[in-house]
Amino acid sequence: MALLIQKFGGTSVGNVERIKAIAKRIASCKQLGNDLVVVVSAMGHTTDELTSLAKEISSNPPEREMDMLLSTGEQVSISLLSMALHELGVPAISMTGPQVGIVTESSHGKARILEVRTDRLKALLDQGKVVVVAGFQGTSVSSGGTAEITTLGRGGSDTSGVALATALEADACEIYTDVPGVLTTDPRKVPNAKLMKEVSCDEMLELASLGAEVLHPRAVEIARNYGVTLIVRSSLDNELGTKITNKSEKKIGKEGLELGRPVDGVELIESQAVLALSNVTDKPGVAAELFETLSAGSVNVDLIIQSSHEGNSNDITFTVSQDEIDKAKTLCKDFIKKAGGKLQYEAEMSKLSISGAGIMGRPGIAANLFDTLSREGINIRLIATSEVKVSCVIDSSLGNKAIRAVTEAFELKVSQTSINPSIKNINCPAVRGVALDQGQAQVNVLHIPDKPGIAASLCMAMAEGGICLEGIVQSERQHLDGTRDISFTLKRHDLQLIDHILDPLLSKWPGAKMEEGPSIARVSAVGAGMPSTPGTAAKMFRALAESNINIAMIATSEIRTSCVVSELDGLKALNAVHEGFNLGT
Ligand code: ADP
Ligand code: ASP
Ligand code: MG
């Protein structure tokens, strides 16, 4: 006998037939002697339909009223499912988020869960009831002490399920959906996507935040942090689906279930070198050729950044281990003879990284890292960001000072710091899955001073304005007046906030200006074995080149490589990369 949390998504409760079918499934699982808490989403596209209704009335409806409206969707499903269970003779009771004790922050629209008060739930389970809980909603206690209904953000029912599993110490949380599990990519976009039996929480977090909507990223964060057994499977058959594996197991701290310290490690990797190629011809195939040349010459490239370009030339910067710099230099010199451009390099660099779950998804963490370094007078040479790691390349003479300051700023223990750790995950696939995010926009901030603290103040301003940055790319190219450019990718709907946030900052820097980039799509490859598999990035760039797709921007982090392409090329790029890594069936 086990205590299971089973979450059924919108399509799984899309009509009365589906509701009756999952009631049967729940009834047989209960009959086997399991204790069950069932979390359900709103039926089909109800949440979208409710949102459209609101938009017909107001372009900017009050957030409180939006939560009041959207939370009704899940209430319809819980009551109907409970009725269906009663019809089958199963003692079931429906509960809203507030009734079941899901307590959240007071912010509307994307509240994080602070606590699940389990007394009522446990009492109902003890009475043998199947508790049917409305996903995606909770209750906050506002400053006046009044309870308010909140929602967790689109796709948030997964997060309700995993939070309940954590609070109840359930044996597993099963997410039932309309696909067989987590696939190598979205099967609606790439028909031959293949089911993965297992994927690690870190890989899943990257995929989920890069566009794989099969799981809400925050659900994966909670599973990773508290060691929840998480499974994604189909509600249409009895196949096993995908297991999301994790290792760490924290206790819920006093900060709140979803607010525990998101940074749980810092590491410094010394003896790094940065090579920067500027003014390289901008056409499909250039990045592929460069990194294939390096890979063929046995140079193992770590971080790669290709920043936005003026005219028709690109800047490509990458890091290698210092003992490979001479080899890399020779290969790059040969390369620029053909492709044009200029080579600069710097040895004696170190890479400082913070790791955790949901780093870029929390505005403020990257900004805090940059701010900590700038307060120590440390200039950041390169930045690499992802959901599980943010890295800064800095001068190696400042490495120890940096790691000390960051350990203190994020309140880490000595056991959570490491210097020059060995490469892990040697036997994992270099690329486990690929994802496409079509809802992205690019913002370039041009002519900003090149000194410590600039990236920090820009990121801090965006964090305070509630914008989650998806990527940050510092340009290598210096203007004649010594200023540089920095580019950000963010969710397209956040663009409307950006002028208002950046104007006060930009007015402090003479000549600085902001420019909205073109509509973009981001295609990403994710795999825990990426750091130990040379040539992975080259393979991705080659796949894009063969489909004649130009790469506007490249940003890598430890277990992911992302390329920004034009919005129109997005789907073609996803298919090319999936095929290029031979991921399909
Ligand atoms: P639910 O309503 O059950 O929560 P969602 O629509 O939120 O379902 O998530 C399931 C959908 O996620 C699938 O129908 C699929 O199109 C999409 N998806 C995107 N990436 C992946 C992936 N890597 N694996 C499986 N499904 C994916
Ligand atoms: N019904 C909500 C949505 O559509 C929550 C969910 O389905 O997870 O976003
Ligand atoms: Mg979903």
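The values are calculated or read from the model by the stated rules, or taken from the named source; none is laboratory data. Computed from a prediction, not measured in an experiment: that's the story for all the values here. Cβ sites come from the backbone with ideal geometry, for glycine too, and all protein chains shown count toward neighbours. Ligands, DNA and RNA are excluded from the accessible area calculation, which covers all protein heavy atoms including side chains. Shrake-Rupley method; radii C 1.70, N 1.55, O 1.52, S 1.80 Å.
The figures follow:
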{"quantity": "Breaking point among (1) buried (at least 21 other Cβ atoms within 10 Å of the Cβ); (2) within 25 Å of the chain's Cα centre (by Cα), for Gly466", "calculated": "(1)"}
{"quantity": "Members of region 249-299 that are closer than 30 Å to Glu115 by Cβ, in contact with a strand residue (DSSP E or B) (Cβ under 7 Å, 6 or more places away or on another chain) and open to solvent by 20 Å² or more (accessible area, probe 1.4 Å)", "calculated": "Leu259, Pro262, Asp264"}
{"quantity": "Residue check for Glu270: modelled with pLDDT of 95 or more, over 11 Å from the mean Cα position of the chain (by Cα) and among the acidic types (Asp, Glu)", "calculated": "yes"}
{"quantity": "Selection count where residues are in a strand (DSSP E or B) and open to solvent by less than 60 Å² (accessible area, probe 1.4 Å), scope region 505-518", "calculated": "2"}
{"quantity": "Residue ID - farthest from the chain's Cα centre (by Cα), chosen from residues in region 1-25 that are among the polar types (S, T, N, Q) and at pLDDT 95 or above", "calculated": "Asn15"}
{"quantity": "Cβ pairs under 7 Å, 6+ apart, first in region 145-165 and under 13 Å from Ala111 (Cα atoms) and within 11 Å of ligand 3 (Cβ to nearest atom), second acidic (Asp, Glu) and at pLDDT below 95", "calculated": "Gly155/Glu213"}
{"quantity": "Subset tally (residues that are of a type in the set (Ser, Thr, Tyr) and open to solvent by 10 Å² or more (accessible area, probe 1.4 Å)) for region 158-172", "calculated": "1"}
{"quantity": "Candidate set: region 210-227, residues that are over 16 Å from Gly256 (Cα atoms) and within 14 Å of ligand 2 (Cβ to nearest atom); chosen: the one most open to solvent (accessible area, probe 1.4 Å)", "calculated": "Glu213"}
{"quantity": "Residue ID - modelled with the highest pLDDT, chosen from residues in region 33-75 that are away from ligand 2 (no atom under 12 Å from the Cβ) and touching an Asp or Glu at 6+ places or on another chain (Cβ under 8 Å)", "calculated": "Ala54"}
{"quantity": "Selection count, region 99-114, where residues are open to solvent by less than 50 Å² (accessible area, probe 1.4 Å) and either hydrophobic (A, V, I, L, M, F, W, C) or over 24 Å from the mean Cα position of the chain (by Cα) (or both)", "calculated": "6"}
{"quantity": "Residues (open to solvent by less than 10 Å² (accessible area, probe 1.4 Å) and out of contact with any Asp or Glu (no Cβ under 7 Å at 6 or more places or on another chain)) located in region 312-334", "calculated": "Ile316, Phe318, Ala328, Cys332"}
{"quantity": "Any chance Asn192 is in contact with a Gly (Cβ under 8 Å, 6 or more places away or on another chain), more than 8 Å from ligand 1 (Cβ to nearest atom) and modelled with pLDDT under 95", "calculated": "no"}
{"quantity": "Scan of region 158-177 for residues that are of a type outside the set (A, V, I, L, M) and in a loop (DSSP other than H, G, I, E, B), ordered by number", "calculated": "Glu169, Asp171"}
{"quantity": "Some residue of region 420-439 being over 27 Å from the mean Cα position of the chain (by Cα), part of a loop (DSSP other than H, G, I, E, B), surrounded by fewer than 19 Cβ atoms within 10 Å (Cβ to Cβ) and hydroxyl-bearing (Ser, Thr, Tyr)", "calculated": "no"}
{"quantity": "Matching residues, region 229-285, being under 30 Å from Glu213 (Cα atoms), polar (S, T, N, Q) and outside any loop (DSSP other than H, G, I, E, B)", "calculated": "Ser234, Thr242, Thr245"}
{"quantity": "Residue that is more than 16 Å from ligand 2 (Cβ to nearest atom) and either open to solvent by 20 Å² or more (accessible area, probe 1.4 Å) or assigned to a strand (DSSP E or B) (or both), where the choices are Gly128, Gly155, Gly138", "calculated": "Gly128"}
{"quantity": "Qualifying residue in region 399-413 (condition: polar (S, T, N, Q), away from ligand 1 (no atom under 16 Å from the Cβ) and either open to solvent by 50 Å² or more (accessible area, probe 1.4 Å) or at pLDDT 90 or above (or both))", "calculated": "yes"}
{"quantity": "Selection within region 35-65 - part of a loop (DSSP other than H, G, I, E, B) and within 25 Å of Val13 (Cβ to Cβ)", "calculated": "Ser41, Ala42, Met43, Gly44, His45"}
